[in-house]
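To start, the structure under review is shown below, and the notes come after it.
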Amino acid sequence: MKRYNYIIVFSIFVYLVIGFFSGYAILSMEEQRNYGYRVESHRILNQMKTIEDIEQFKKDDFEYILDIDYLHVQTDDPSSVKNFFDENYQKQIQIIPFYHEQELQGYIKFIYQLPQLNTHYVFWILEGSLLILEILILIVLFDMRKKLIQPFQRLSHIPLQLAKGHFKGEVKEEKSKYFGQFMWGIGQLKDSLDISQKRQLELLKEKKEMLLSLSHDMKTPLNLIKLYSKALEENIYTDKQTQIQAIHQIGEKASEIENYVEEIIKSSREDILNIQVKNEDFYLQDLMEQVLSVYDEQCALWHIELIVHPYDNKIVNGDKERCQEVFENLFENAFKYGDGRQIEISFFEEDYCQLIRIFNTGTTVSDTEFNHLFDSFFRGSNSHGQKGSGLGLYICRELMQKMDGAIYAEKCEDGMAFVVVIR
C-alpha cells in the first residue's frame, strides 16, 4: 500500500509544481503588460521641471511609449484643445496634468503601444500542464486497474463458489503487493475447505460403516437379553440357580451393549477434536492485539467495560491461532452468560508459565455444575435460551492440553473467571 500512496503523493506534488510555475508565468506577463508602461511615464514626469522639457524626451528611448503630446495651459485654440482630448481614443492613452510648484502648467498625453500577450506561449504552457497531469492520472488509473480492479474481478466469483461448495481448482496467485497475499490466503482457504470436505465425507462413511457394524454386533446381545427376559417372565427356569444364571447373562450382555455405546461416544469425540496444532514461539503482544482488535470494539458496542491490565511482551510457546480460538470461546461465554457489566483481563506468572485470567461479572454456577464445566456437551442451568452445543470449554481444554498448556475455572463472588496457562 505504501507504493500506491507514493504514487498519489508524487502526482499531487507534480501538479502543484506545474500549477505554480504556469500560474507564475501567466501572472508575470499580465503584470508586465499592465504596469510596465506606467514606470516609464512616471520617470519622465519626475525629470521634468517645465512642460516644455517634454520635447527633450524621444519616444525611441522607451519600450512602451509610442508617442508623447502636450497641451499648454495657456493654449486658447478650441480645436487644439478638442483634438488633444478627443482624438486617438482607440489607442491606449494616459493624460496627466503637470504641476510645477503647485501651479498647473499644462497636460501631457502618453500614447502607449502595449506588449501583446504571447497567447501561443500561454497556450502551450497550459496544454503541456494538462498533458502531464493527464499522463499522471492515466498512470494511476492503469496501476489501479492492473493491481486492484483486475485481481478483484478475478476474485469476485470465488465467494459464490465457496458458498455453493465448489472447492476445486486453483486460485491464480498475483504478483501484486496489494492482492498477492490476499489471493494466496483465498487459495489456502479453498484447499483447506476441500480437504475438510473430503475428511467429512470419509468420516461420514466411517461412521456409517461403524454404526452398521455395531448395530449388527449389538443384535446378538440384545436378542439374548430378550430371550432370557422372556424365559424369566414365563417361569421357564424353575430352579433358583438357573434363574440366577439367566439374570447374570442379562447383565453380561448389557455390559457388552454398554461397551459398544462407549465406543460410539469415543469415536464421536475424536471426530470433534480432529484438530492439528502447530506449537512455535510467538510474542504475547501479537496474540493479545489479535484478540482485542475484535473484542475491544464489540465490548464498546455492548457497553461492556473492558479492563486490560499491563503485561510484559514475553515470548511464549504454542499455536497462536489456536490460542486466539480459546480466547474467542471465553469472550463469547462472557457475552452469553455474564451480566454485561465488566470483563477484566489480568496477567501473571507462575512456575515459568504465563497465566492469563479472564474475569466477567455475573451469576456463578453451582458446585455440581462447576465440576462439569469442561465436559463435552455439558450446558449449565444458565444456558436456557442461549444457542450453543456445550463443546466450547471442552474444546478449549483439549486445545490447551495439545499445546502443553492448561485452562481452569474459578468461582468468584460476583462472576466467573477462566485462567489460561501458556508455557
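For region 217-249, a tally of residues being among the acidic types (Asp, Glu) and either within 16 Å of Tyr260 (Cβ to Cβ) or under 60 Å from the mean Cα position of the chain (by Cα) (or both) returns 1. Of the residues screened, Ile356 is not one that is in contact with a helix residue (DSSP H, G or I) (Cβ under 7 Å, 6 or more places away or on another chain), within 15 Å of Ala417 (Cβ to Cβ) and in a strand (DSSP E or B).
To keep it simple, each residue is scored yes or no on (1) at pLDDT below 90; (2) surrounded by 12 or more Cβ atoms within 10 Å (Cβ to Cβ); (3) in contact with a Ser or Thr (Cβ under 9 Å, 6 or more places away or on another chain).
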position: Asp351; (1), (2), (3): yes, no, no
position: Ile356; (1), (2), (3): no, yes, yes
position: Thr364; (1), (2), (3): yes, yes, no
position: His372; (1), (2), (3): yes, yes, no
position: Asn382; (1), (2), (3): yes, yes, yes
position: Ala406; (1), (2), (3): no, yes, no
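Taking first residues from region 202-226 that are surrounded by 12 or more Cβ atoms within 10 Å (Cβ to Cβ) and assigned to a helix (DSSP H, G or I) and partners that are modelled with pLDDT under 75 and of a type in the set (S, T, N, Q), the Cβ contacts under 9 Å between residues at least 6 apart in sequence or on separate chains come to Leu203/Asn274; Glu206/Ser267; Lys207/Ser267; Lys207/Ser268; Met210/Ser267. In the set Leu126, Leu117, only one residue is within 13 Å of Tyr15 (Cα to Cα) and at pLDDT below 75; that residue is Leu126. For region 317-350, how many residues meet the condition of being under 17 Å from Gln401 (Cβ atoms) and out of contact with any helix residue (DSSP H, G or I) (no Cβ under 6 Å at 6 or more places or on another chain)? Number satisfying all stated conditions: 6. In contact with a helix residue (DSSP H, G or I) (Cβ under 6 Å, 6 or more places away or on another chain), modelled with pLDDT under 95 and under 23 Å from Val421 (Cα atoms): does that describe Arg397? So Arg397 fails the test. If the condition is being modelled with pLDDT of 95 or more and either in contact with a His (Cβ under 8 Å, 6 or more places away or on another chain) or at positive phi (or both), then region 340-349 contributes Glu344, Ile345, Ser346, Phe347. For region 390-411, the set of residues classified as more than 20 Å from Thr364 (Cα to Cα) and part of a loop (DSSP other than H, G, I, E, B) consists of Met403, Asp404, Gly405, listed by residue number. Taking region 66-91 as the range and being in a strand (DSSP E or B) and at pLDDT below 75 as the test, only Leu66 passes. Close contacts from region 96-113, counting a first residue that is without any contact (Cβ under 8 Å) to a residue 60 or more places away in the chain and under 20 Å from Gln56 (Cβ atoms) and a second that is acidic (Asp, Glu) and buried (at least 16 other Cβ atoms within 10 Å of the Cβ), with Cβ to Cβ under 8 Å and a gap of 6+ residues or different chains, come to Lys109/Asp69; Ile111/Asp69.
The values are calculated or read from the model by the stated rules, or taken from the named source; none is laboratory data. On a predicted model such as this, the values are computed, not experimentally measured, just so you know. So basically every Cβ, Gly included, is an ideal-geometry build from the backbone, and we count neighbours across all protein chains shown.
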